[in-house]
Amino acid sequence: MAAGSPLSYSSYRTYLECPLRWRFLYVEKRKEAPRGYFTFGRVVHSVLEELVRPYVVPTGRRRGSSEAQTTLHDWGAPAAGAPTPTPRTLSPEDLLAFYDRSWSSEGYTSPEEEARYKALGKNLLLGYRELLERRPPTPVGVEEHLEARWDGIPIHGYIDRIDRTPGGGLEVLDYKTSRELSHEDARESDQLALYQVLVEANYREPVERLTLYHLRSLTPLGTPPRAKTALETLHVRLGEVADGIREEAFEPTPGRPCARCEFQSLCPEFRPVPPPEEERLGALVDRFDQLRAEERRLGEEMARTAEELHRAAEELGLHRVRGSRAVALRRREISWQYPLERLRPILEDSGVATSTHPSSPEEVRRLLRDSSLPAEVRRRVAETGSRRVRWYWELEPGSRGSD
Ligand code: SF4
């Protein structure tokens, strides 16, 4: 994939996780070993496409606001008096035969794992088929490839299903074969947001609903379409990714994806230490690790000692305690907190210029000293404050016998 090529959701996500991995996959076109889970998802998606395609209303796509909406009943309009045709999907036998033909053994770690996945797919597809018969959908597109230019950024994607809702709107559906899926996943899915943009750009009408479809439980997890601000945020992130690709910024970004990254042997982050240096550098790492542990232990011990000293000094009313080499001086630091959510309404209600709200406690203290402000406002502002006192110790050279 060259710079300037349309960004798909998976390409965008791969770049966000690790730009170097993106380069291995999209520039150098390196292949990753197949994985059973992905093979399974691909096969299930292709059978679902075959299952749902008969329901598609080919002309259900509204091409302009002036054109009338085509409905399922307009599809293959029957002669007067003839019964309305119902779409014919695959019979259970044909479905399973198609599933068998589509099946691929690529990437499974054992015959048992493959058999488990195959049985899961069979149940899930038969269940889905039954659901289609009971509640026929009104899709206007399945596995539709859409492209768009989103304010200067070329994007594309394959949309699992686009439905016409009973109210005449559009619903975007994305199938998921994952074990767990929640409404929160659907609400936060950048993939659905990107599909919303693609569908709206191509169909020229707003999307009414975004849905992640959890196939294992045959549950649609629907959410309202993304608001303008959420889309703007996504657009900014996509723009950053597109800029990074154009500028060939392919730095490794180690993190969670490294565990499943197959390019560790090519990645500078995982470059092995040359054998002659292995022992020396290994010893330095051990020493560093030891010192870190010691630093933590000393930090905890210092905090405990200061606290014990503080309690004793408080009890005896002391501010200065001598040791054999140093004098500990008890110091006090006072700070004020003014929660903005309480401060803001007071300033706004009182008509005080609010274009800039005080952003620090020091600014509020200045405001309180400002005699041009009504005394009542200053009183109310002062009431929002809470005072915090922190005690700490300072050490000075000196000893018990030094006076
Ligand atoms: S090993 Fe980690 S840092 Fe290196 S390319 Fe893969 S994901 Fe990126």
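The set of residues in region 365-377 being of a type in the set (V, I, T) and either at pLDDT below 85 or not assigned by TED's automatic domain parsing to the domain that holds R344 (or both) is empty.
Among the residues of region 162-192, those that are open to solvent by less than 20 Å² (accessible area, probe 1.4 Å) and in contact with a helix residue (DSSP H, G or I) (Cβ under 8 Å, 6 or more places away or on another chain) comprise I162, L170, V172, D174, Y175, T177, A186, L192. Within the set S8, S46, S66, the sole residue that is more than 28 Å from E133 (Cα to Cα), polar (S, T, N, Q), more than 16 Å from the ligand (Cβ to nearest atom) and at pLDDT 95 or above turns out to be S8. Being on the phi > 0 side of the Ramachandran plot and out of contact with any helix residue (DSSP H, G or I) (no Cβ under 6 Å at 6 or more places or on another chain) is true for just one of E248, E301. Which residue is that? Only one candidate passes the filter, namely E248.
For region 244-260, residues that are open to solvent by less than 70 Å² (accessible area, probe 1.4 Å) and not in a loop (DSSP other than H, G, I, E, B) total 4. Residue count for region 203-216, restricted to those that are open to solvent by less than 60 Å² (accessible area, probe 1.4 Å) and modelled with pLDDT of 95 or more: 7. Of all residues in region 262-285, which are farther than 16 Å from V27 by Cα, within 9 Å of the ligand (Cβ to nearest atom) and surrounded by 11 or more Cβ atoms within 10 Å (Cβ to Cβ)? Residues satisfying the conditions are Q264, E269, F270.
On the basis of being within 16 Å of the ligand (Cβ to nearest atom), in contact with a Lys or Arg (Cβ under 9 Å, 6 or more places away or on another chain), of a type in the set (D, E, K, R) and closer than 30 Å to P34 by Cα, does E248 make the cut? Taking the combined requirement at face value, the residue satisfies it. Pairs linking a residue in region 327-342 that is more than 9 Å from R388 (Cβ to Cβ) to a residue that is assigned to a helix (DSSP H, G or I), with Cβ atoms under 6 Å and 6 or more positions apart or on different chains, are R330/A313; Y338/P361; Y338/V364. For region 97-118, the tally of residues that are open to solvent by less than 50 Å² (accessible area, probe 1.4 Å) and outside any loop (DSSP other than H, G, I, E, B) stands at 7. For region 15-49, the candidate set comprises residues that are surrounded by 15 or more Cβ atoms within 10 Å (Cβ to Cβ) and aliphatic (A, V, I, L, M); within that set, the residue that is farthest from the chain's Cα centre (by Cα) is V47.
Being in contact with a strand residue (DSSP E or B) (Cβ under 9 Å, 6 or more places away or on another chain), at pLDDT 95 or above and either open to solvent by 60 Å² or more (accessible area, probe 1.4 Å) or assigned to a loop (DSSP other than H, G, I, E, B) (or both) is a property that P225 has.
The values are calculated or read from the model by the stated rules, or taken from the named source; none is laboratory data. Computed from a predicted model, the values in this text were never measured in an experiment. Neighbour counts run over all protein chains shown; Cβ positions are idealised from the backbone, glycine included. When the accessible area is computed, the model is the full protein with side chains, heavy atoms only, and any ligands, DNA or RNA have been set aside. Shrake-Rupley method; radii C 1.70, N 1.55, O 1.52, S 1.80 Å.
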